[in-house]
Every structure is written in C-alpha cells, then in structure tokens.
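The structure appears below as structure tokens.
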Amino acid sequence: MRAARCSEARCAKARCPGAASANRHGNRRGRRVVRRRLVHWFGACVAALVALLGVASCELTEVTIAAADDVIVAQTNLVVELDHEGPGTTLDVFAYLQRTLNREVARPVPGAVVSITGPSGTIRLTEREDGSECFYFPGLAPGDTLTTHYRTRLGSCYGARITPSPFSPGETLSQEIALPDGRRLAAVSRLPGAFVLRGLDQRDGRCRMEPDTNYRFAWTAAEGSWSYLSEARFEGLKDALVGREIEAPDTLHLLGISIGDQDTEVVFPRQYGFFRLLQDDFVGEIVGALQDGMPAGASAEIAIVATDRNWVNWVRGGNFNPSGEIHIPSVFGEGGTGSFGTGTGRRIRVSARPGEEGPLCGVGEG
C-alpha cells in the first residue's frame, strides 16, 4: 500500500503496502504501519507502474479535469484482510482529502462526512487530528514531529479499522463524501474476491526459510482483481548483512508487483525492490544481496493484496499533482475528483533465523 526524497510541494508519499523507508517507525508501530502502507498503495510513488500496467488488455477511458479555482481531490483505499485460517476479516480504510486553490496551494478539508455503504450497512470514517496519519514521511525519524511548515501543506485524513470487517470480498461498495460547503462526491467499487495462498506450509501465519534461498509465493486468482500488490517489511537486515560489508537499515520496505489478474505468483525476496532502485540509490547493494535469498538472521512480514479496477486506473493514469492533471478518476461530483480503490489481502511472516522452530514455507529456490 512513498519515495525517499520529497520536495516541498510533495512533502509526503501515500501510505500503502509499499516502497518506503528504513526504520522510520520502529517496532512499536510495525504491524500498524505495514497495514496502513498496505491500504495506501503508492498513490504517488510507483510511477513506473504506469508503464507496466500499460500492457493490460483492457480499453480504458482517460478523463482530464479542467483547471478550476477550487477542486477537492479525494483518494480512498480500502482493504479487507483475510485471516490466516478461518473466516475472520479486518477492514482498514483511509481517505485523504485535499483542496487545491488555483492549482497552486493544497489545503486540508476538515469537517467532511466520509461514509461507505455495503450490503450489510454503512460505516462512517473518523477524521484524524493530523493529516499525516494517511501518509508516510521518509525523512521523519521515530519520535519526531512534523514542523508547522509542512503540516499546513497537508490535506485531511479520515480512517477506520474494524474487526470483523462489515464488508466481504466480492461485495459492491459505494462511497459518499459530504463536504462542509454542501457539495457531494460519490464513487462505487466492487471488492475483489477472496484468494488463498497455494502450497504454503505455515502455522499461525508464520513459516521459515533456509538462509540464502528464495521462495515462490503463489495464490489463487481473486475474482474481479486487476492486479496484485505485494510488500515486504524486512527486519534485522543491518546485522544480517554486516558481514558482507553492506550498510543496511534494520527495517526496510520493498515492493513486488504481479501484473495482471492472472499473474498470481512472486519470488521472495528476489523479485522485490525494483521500484526502490528507481527512487533510492542506497538500496542497490541491499537489493543485490537479496537476489540470493534471505540472509541468515533476517525476517519479513509480507502482505499480498488483490486490487480493483479503480485502484489500478488511478495509478496507471497518473496521480494528483497540484500543478498537473488528474486521469482516470473513480470519484465524481461537483468540483471534485479522485479515486476509491478497494482490495482484499493476506499476510504471512517469514524468517531465516538459525535455530528458529516452525514449518518451512516450502521448497526453496536458489
């Protein structure tokens, strides 16, 4: 669901299960951060995905929004995470609202009512006190706070996390955003269907790998999915790679993507990190070392998400830029645009720590 360098105009990158930073959040926020990164899938960071998704055999309509004095841009990502075993689910959803004035300055949109409705009822998202809760800031160390200078350039964040999820895979959801000035925005999305990991031996969502090997994760196709996103949050790389004279952060997030609705496998960790190479020079040696497999002593939490058409189209067509254009939106209304993307996901924890008990994930690859 985030580049490592930011300009003032784009001081933050969307959370979502994907590229981002080294040990910026610490272990105390580990799982929550991975989950939110899963939810906010590289709204601005995975520019290279635009070209990759261009091979999809689907005809898309591109929409351009003309310049306006006051445009509301709403980007919402919703994920229903499936439990390791059994029917349990958890809902995570975040909506980021931003007002652009004369296409030059972005401002928050406080006081909006953001609701999502499905067959089982309606939920209302809670406005967060800090707009940065929807975003990841690569230069922010644990315990630091954003300066007022940057806070004034953020939008407004709305979110909800509910267990069990009130919505189920395959359901059609509608979103309504009631703005304080009376305008309304609306969107519709069909959640991709459920999928299961194939050939994986795990216990309570955990398995282990032999050091310096790769493992091919595979899963069944999710009905209605347009693409699959996979993010790995590595831990312990600093100590694991010190013997190879590679300087690494202790925590690192790398993204792997399966292109198309039938591309249902990814080799871990060999096929993770391509997009970080496009953004950060420092990860080159780390990604190179991971081509041979997980180093001894390292572990990772892997999240795999089946994403819907809205999610893919928003990334494929280009994202919101205060001085640019918006393409292929799924949110419509008076003076507003944006994206309402949904996905279903699963998560697995793997480790390559000598002496650790637990089942092997499966047969490794060299």
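FYI, it's all coordinate maths here, none of it is from the lab. Source: prediction; values computed, not measured. Note: ideal-geometry Cβ built from the backbone for every residue, glycine included; neighbour counts use all protein chains shown.
Residues whose amide H comes within less than 5 Å of that of F340, counting only those at least five positions distant or on another chain, are T76, S330, V331 (H built at 1.01 Å from N in the peptide plane).
Full extension of the chain between D130 and F274 yields a length gain of 48.7 nm, computed as 0.36 nm times the residue separation minus the alpha carbon distance. By the beta-carbon count within 10 Å of each Cβ, the least crowded to most crowded order of T337, T163, fewest first, is T163, T337. Taking one quarter of the surface of the C-alpha convex hull of the stretch 208-250 gives a mean projected area of 4.6 nm².
Over the stretch 240-303, all Cα pairs binned in 5 Å intervals from 0 give whole-percent P(r) values of 3, 16, 29, 25, 15, 7, 3, 1, 0, listed from short to long.
Taking 0.36 nm per residue of separation and subtracting the current Cα-Cα distance, fully stretching the chain between R244 and Q262 would add 2.7 nm. Rounded to the nearest Hz, the phi-derived 3J(HN,Hα) couplings of the stretch 270-277 under the Karplus curve 6.51 cos²θ - 1.76 cosθ + 1.60 (θ = phi - 60°) are 4, 9, 10, x, 4, 5, 5, 4, where x marks glycine and proline. Take the Cα of S115, step 7 Å toward its Cβ, do the same at V196, and the gap between the two points is 3.7 nm. Residues of the stretch 183-212 falling in the label zone of L360, defined by backbone nitrogen less than 20 Å from a point 7 Å along Cα to beta-carbon, are 198-212.
Computed from the alpha carbon atoms alone, the convex hull of the stretch 170-286 holds 180 Å³ per residue. Ranking of F282, F274 by neighbouring Cβ atoms within 10 Å, starting from the fewest: F282, F274. In this structure, the amide hydrogen of R206, modeled 1.01 Å from its nitrogen in the peptide plane, lies closer than 5 angstrom to those of R349, counting only residues at least 5 positions away or on a different chain.
The loop-placed trypsin sites (Lys or Arg not before Pro) in the stretch 181-212, going by DSSP, that have at most 16 neighbouring Cβ atoms within 10 Å of their Cβ come out as R183.
Panel order for C134, C207, by other beta carbons found within 10 Å of each beta carbon, from fewest to most: C207, C134. Inter-label distance, E210 to R353: 2.1 nm, where each label sits 7 Å from its Cα along the C-beta direction. Across the stretch 352-358, coupling constants 3J(HN,Hα) worked out from phi with the 6.51/-1.76/1.60 Karplus curve, θ = phi - 60°, read 10, 9, x, x, 6, 8, x Hz, and Gly and Pro carry x.
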